[in-house]
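These notes concern the structure reproduced below.
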């Protein structure tokens, strides 16, 4: 919405732009072609409504996405097989690596901004009104036969317009994915002329785009819209002659490739995942890891070679040399992949932010940004919110307060502040753990505004989302910082729906979470044990955990997975003072991230470990 409100030169576009002016197109570089139902060899328009048998998609709002949703089978798109999709409110569906949120201005296809997507109607659609409530009669659905067909249906979805209601016009359309021939079909049932007002720069698109954003097809020119009772089908090339050699670091340290925190003085094993994003087997992939401080001085490096990787496969690994943190501050962790014949050098580098925190302080600030004044700000005009996600460097972590860089606030009303557990589907926002309000008139502009957390919020595994809601204050704004590295941990909340922040690639929200230094607190209260990081980490069949007791103590050991399920619980009984080594069998655990806890009396220490096959 912010971008829309800044646009000024307007014209009214024609909703009824004919889809029949051109009946076929392509091929693109990979070999896809498209035909519509006016072509002699094209598809028939045969609408099959899925609302009675499908599953309703909830959570769509304005400029957001939901997912992932399982296809329950593998769909071949360009040279990659996918079994999960994301569904965007603005008329697109996406596969692994999609941008997460696509908003105006909408690009012509292909485009990096729309990589790994299928766009039946990439335009400024909305599921919510100006007051953030759902548009009456508007919905989205999906259906699968669990074998070789998946359908997504947008039903009576309007365009966003800058009016009292916030919407106009209606569109009903489908995307049909067929595993039988890897084809994609768009069908358009309703195209109601609601006279939405667009700018020439806002754009729209109908088409497909590959994982690099460099190959694709656009069916209609920008701002020309499909008409009712029409269909477009994209045909997979047969045979495929396009050879793709492409290695890429899929993520660093966590599958979200998001910023992470470690304790100063600790030794950390730096993890990366290399994927074969092409359709040919790869050999001798060189992987290089580097750490840079804020002055871009290299402070650590390591490398290894992946001997072979089948098309579509990936492998997670730990660089052989651990990094021991000696200075607090922000670092850039980079992985680079190199392979002979790589077709897409643009995806050879993956960066992630690492923050080293000081545990000599009684309160530890978890922040992805520097303390510098904000360079820019974010506002949704009173109808949204700003959020971040954090995982603490140790468990349990007790949140004592939150800081928000307020750059603008109105004279009346109040803002809402939330801490939300990550126990929703796929670690999305779930249970609200803390809720408070801040009077708009009390906000101090240009500095961090501290909000004490008055109830106990302790993170024992995973992380939490923290949000600032504008709550109708049209002047409300939170500062943003574009200094590198970036966290990729920011969220926009519009119409009550959370989505990846559309500007994650250029800036971070200036929101900070303050936690108790549990190590210092435990020491002061007579903590009588320490726990070391497990080794090897990652492990495949077994791992060792050292712990030291200052006095004879009863010890309990437990392991949980990322969603809090108990994987192992052992009462080790009475143990003598001194250092002990626990050997844990990890061969029965699937690849992933786990948390192990050693409890002595009423105190416990939790650390993260990785299992890799």
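Coordinate-derived values only; no laboratory data. Note that the structure is predicted; figures quoted are calculated from it, not measured. Cβ sites come from the backbone with ideal geometry, for glycine too, and all protein chains shown count toward neighbours.
Obtain the nm distance between the two label points defined at residue 516 and residue 134 by a simple spin-label model: each point lies 7 Å from its Cα along the Cα-to-C-beta direction.
4.1
Relative contact order, percent, of region 2-235 when contacts are C-alpha pairs under 8 Å separated by at least 6 residues? Please list the in-between numbers first.
Numbers: 619 pairs, mean separation 64.8, N = 234.
In percent, rounded to a whole number, it is 28.
Would you mind putting 52-60, 408-416 in packing order, based on average other-beta-carbon counts within 10 Å, highest first?
Working: 52-60: 14.7, 408-416: 17.1.
Descending packing order for the listed peptides: 408-416, 52-60.
To the nearest 0.05, what FRET efficiency results for residue 439 and residue 474 with a Förster distance of 22 Å applied to their C-beta separation?
Values: r = 16 Å, r/R0 = 0.73.
Between residue 439 and residue 474 the formula returns 0.85.
Take the alpha-carbon centre of region 561-581, take the same for region 113-183, and report the distance between them in whole Å.
Centre-to-centre distance over Cα atoms comes out at 48 Å.
What are the semi-axes of the equivalent ellipsoid for region 14-109, taken as the square roots of 5 times the Cα gyration tensor eigenvalues, largest first, in whole Å? Walk me through the numbers on the way to the answer.
On the way: eigenvalues 125, 68, 63 Å².
Three semi-axes, in Å: 25, 18, 18.
Which FRET efficiency value, to the nearest 0.05, is calculated for residue 47 and residue 327 with the Förster distance at 51 angstrom and r the Cβ-Cβ distance?
0.25
Going by a ≥ b ≥ c, the root eigenvalues of the Cα gyration tensor, does region 46-166 fall in the rounded group (a/c under 1.5), the prolate group (a/b larger than b/c) or the oblate group? Working shown, then result.
Numbers: a/c = 2.18, a/b = 1.28, b/c = 1.70.
Here region 46-166 falls in the oblate category.
Could you tell me whether region 364-518 comes out rounded, prolate or oblate from its Cα gyration tensor? Rule is a ≥ b ≥ c as square roots of the eigenvalues, rounded for a/c under 1.5, then prolate if a/b exceeds b/c, otherwise oblate.
Values: a/c = 1.37, a/b = 1.28, b/c = 1.07.
Rounded, because the longest to shortest axis ratio a/c is under 1.5.
Could you sort the peptides 262-268, 89-95 by per-residue average Cβ neighbour count (10 Å cutoff), highest mean leading? Please report the intermediate quantities before stating the final value.
Details: 262-268: 17.0, 89-95: 25.3.
Peptide ranking by packing, descending: 89-95, 262-268.
For region 468-613, evaluate the Debye formula with one uniform point scatterer on each Cα (no solvent term) and list log10 I(q)/I(0) at q = 0.19 Å⁻¹, rounded to two decimals.
So the normalised log intensities are -1.08.
Enter the Cα centre distance for the pair region 427-504 and region 281-341, rounded to the nearest angstrom.
Centre-to-centre distance over Cα atoms comes out at 32 Å.
Once you compute Rg and the Kirkwood Rh from C-alpha atoms, what is the Rg to Rh ratio for region 194-303? Each step should come with its number before you reach the end.
On the way: Rg = 22.1 Å, Rh = 19.4 Å.
That ratio equals 1.14.
How big is the antiparallel share of DSSP beta bridges in region 247-357, given as a percent to the nearest 5? Show your work: numbers first, answer last.
Values: 37 of 41 bridges.
Here the antiparallel bridges make up roughly 90 percent for region 247-357.
Could you work out [θ]222 nm for the chain from helices alone, using -39500 (n - 2.57) per DSSP H run of at least four and dividing by all its residues? Round to the nearest 500 deg cm²/dmol.
Only helices count here, giving -500 deg cm²/dmol.
Describe numerically, in nm with one decimal, the distance between label points set 7 Å from Cα along Cα→Cβ at residue 192 and at residue 580.
6.9
Based on the alpha-carbon gyration tensor of region 2-235 and its eigenvalue square roots a ≥ b ≥ c, which shape applies: rounded if a/c is under 1.5, prolate if not and a/b is larger than b/c, or oblate? Present the calculation step by step, with values, prior to reporting the outcome.
Working: a/c = 1.43, a/b = 1.26, b/c = 1.13.
In terms of gyration-tensor shape, rounded.
Rank by packing, highest mean first: peptides 171-184, 450-463, with packing defined as the count of other Cβ atoms within 10 Å averaged across residues. Could you put the intermediate results ahead of the total?
Numbers: 171-184: 19.6, 450-463: 16.1.
Sorting 171-184, 450-463 by mean packing, highest first, produces 171-184, 450-463.
Using Cα pairs closer than 8 Å and at least 6 residues apart in sequence, work out the relative contact order for the chain, in percent. Intermediate values should be presented prior to the final figure.
Working: 1692 pairs, mean separation 71.2, N = 613.
Once divided by the residue count of the chain, the mean separation gives 12 percent.
How large are Rg and Dmax for the chain when only the alpha carbon atoms are used, in Å?
Every Cα atom of the chain included, Rg and Dmax give 25.7, 84 Å.
Report the gain in length on full extension from residue 541 to residue 23: 0.36 nm times residue separation, minus Cα-Cα distance, nm rounded to one decimal. Could you put the intermediate results ahead of the total?
Working: separation 518, 0.36 × 518 = 186.48 nm, distance 5.75 nm.
Here the segment from residue 541 to residue 23 would lengthen by 180.7 nm.
In nm, to one decimal, how far is the modelled label at residue 243 from the one at residue 602, with both set 7 Å along Cα→Cβ?
6.9
Which FRET efficiency, nearest 0.05, do residue 228 and residue 256 yield, Cβ-Cβ r, R0 41 Å?
Details: r = 40 Å, r/R0 = 0.97.
Efficiency for this residue pair is about 0.55.
Have a look at the DSSP beta bridges in the chain and tell me what percent are antiparallel, nearest 5.
Working: 188 of 193 bridges.
About 95 percent, rounded to the nearest 5.
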